[in-house]
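Student: Quick one: this structure, given as structure tokens, is what I'll be asking you about.
The values are calculated or read from the model by the stated rules, or taken from the named source; none is laboratory data. Computed from a predicted model, the values in this text were never measured in an experiment. Here the Cβ positions follow ideal geometry from the backbone for every residue, glycine too, while neighbour counts run over all protein chains shown.
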Ligand SMILES: Nc1ncnc2c1ncn2[C@@H]1O[C@H](COP(=O)(O)OP(=O)(O)OP(=O)(O)O)[C@@H](O)[C@H]1O
Ligand SMILES: [Mg+2]
């Protein structure tokens, strides 16, 4: 963290100093995990599910942190005592960001593709300035401030992934790091159970656009009507991306190569560039256009954007990771998360890959969470799509995924084309028995059903 005195921190977070000199300076890392605490740092004691951070205050003090943020004084340890340590962490991050006036903040939100797009933006920016971006999906009221606190005087760009579960979440994150560029990818159906409607989701995501700083840019998806409509929520510059003919940054001629990786013509103003992405799945085109538009808004040249997109690779794990086993079975591991839009995108990539290789295709699908009362209908719809896309074999895993199997059967799958199994172990057993050389297997689910382990197991073994 940039050097800040404990007195100043206490003032910013509305805390009381306990056993600490107000002049003592924090200039080390800010952490919530005691194992990462070190000299000069600050430890945030959070109430955890199993452990209470306060139990570690003594240990981190011994490890040399300057101070801990706590909700009560801890005997013999330097503390700043506050009512709520998570809120205080946000205030601390806000203080640090406000001390870095030249920092360019690129905030992004959306129902799908935040992490993929964040990784693209960070890769595009890195050659042109020190860039701080979250690890994985650090996108909530803890991950976001912890990421922002990594920025210092040398940092030029902060890329901030912002997740929303409730109205007001994105607004809160933006208050910590006001966005120079606010990018909204799409309004899908994830968390619809909590929001109630897609319009409410749009309302929540659009908070990012309202928070764009004066002189900043709102970047909107021209292909998603709910996102395009957010233009009315700012008076700052608006740039759009998509396949729509009037988008500022456009793609035409999208084709998947034999690896399921999309190529396209990128149009920026009057210039056109040939792009061949290294990422798998057509849905990455939208993410690439979004990333391109965001970095153009902070001053990259179109040529630099094109060069960066052609070179960019997958960074975060379990998102359409394609691996070929020694026996020629290809596994597409997308076991990070599953919602109707991302399952559809993944199925199309599977089919493209299968077609290019003349291979048999398998969709191993777990349940999609957080769909509220549309759950049955959405799972059924995925089953039907599997049949329409002509995927050769479907394995629906876990009780909540049974309607996928039923939907496929109703749509005309027969014999062993579609199967339902209760657990990922059973799915693995079935695959072990029936996979043939050259098959392409998509494993797609939310992490909780353990299909990530199935994907790993599939990769670790290559039956002869
Ligand atoms: N533009 C897109 N449209 C539809 N699906 C997408 C898109 N981009 C990525 N996906 C798929 O959505 C899933 C989640 O991708 P990613 O992790 O990038 O999204 P996220 O918005 O960060 O998710 P989370 O809310 O869990 O952090 C992946 O399975 C990926 O294949
Ligand atoms: Mg994410």
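Student: Check residue 266 against each of (1) crowded, with 22+ Cβ neighbours inside 10 Å; (2) part of a helix (DSSP H, G or I); (3) away from ligand 1 (no atom under 15 Å from the Cβ) and name the one condition it does not meet.
Tutor: Among (1) crowded, with 22+ Cβ neighbours inside 10 Å; (2) part of a helix (DSSP H, G or I); (3) away from ligand 1 (no atom under 15 Å from the Cβ), the lone unmet condition for residue 266 is (2).
Per-residue answers, yes or no, for (1) within 16 Å of residue 148 (Cα to Cα); (2) away from ligand 2 (no atom under 16 Å from the Cβ); (3) within 22 Å of the chain's Cα centre (by Cα):
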| position | (1), (2), (3) |
| --- | --- |
| 79 | no, yes, no |
| 84 | no, yes, no |
| 96 | yes, yes, no |
| 117 | no, no, yes |
| 124 | no, yes, yes |
| 128 | no, yes, no |
| 131 | yes, yes, yes |
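Student: Also: When the residues of segment 15-46 are narrowed to those that are touching a residue at least 60 places away in the same chain (Cβ under 8 Å) and closer than 15 Å to residue 73 by Cα, which ends up surrounded by the most Cβ atoms within 10 Å (Cβ to Cβ)?
Tutor: In this case the residue turns out to be 15.
Student: Kindly indicate whether residue 443 is surrounded by 22 or more Cβ atoms within 10 Å (Cβ to Cβ) and either in contact (Cβ under 8 Å) with a residue 24 or more places away in the chain or farther than 19 Å from residue 343 by Cα (or both).
Tutor: Yes; evaluated as a whole, the condition is true for this residue.
Student: Shifting gears a bit: Hey, among the residues in segment 326-355 that are closer than 19 Å to residue 185 by Cα and modelled with pLDDT under 90, which one's farthest from ligand 1 (Cβ to nearest atom)?
Tutor: Per the stated criteria, the residue is 340.
Student: Enumerate the pairs (first residue in segment 315-331 and at positive phi; second residue anywhere and away from ligand 1 (no atom under 15 Å from the Cβ) and assigned to a loop (DSSP other than H, G, I, E, B)) with beta-carbon separation below 7 Å, excluding pairs fewer than 6 apart on the same chain, so at least 6 apart or on different chains.
Tutor: What qualifies is 328/437; 328/438.
Student: Which condition from (1) crowded, with 24+ Cβ neighbours inside 10 Å; (2) under 22 Å from residue 27 (Cβ atoms) is the one that residue 170 breaks?
Tutor: Tallying (1) crowded, with 24+ Cβ neighbours inside 10 Å; (2) under 22 Å from residue 27 (Cβ atoms), residue 170 fails exactly one: (2).
Student: Turning to a different aspect of this structure: From the list 363, 335, 349, which one is surrounded by 24 or more Cβ atoms within 10 Å (Cβ to Cβ), within 16 Å of ligand 2 (Cβ to nearest atom) and touching a residue at least 60 places away in the same chain (Cβ under 8 Å)?
Tutor: Step by step, each of 363, 335, 349 is checked, and only 335 is surrounded by 24 or more Cβ atoms within 10 Å (Cβ to Cβ), within 16 Å of ligand 2 (Cβ to nearest atom) and touching a residue at least 60 places away in the same chain (Cβ under 8 Å).
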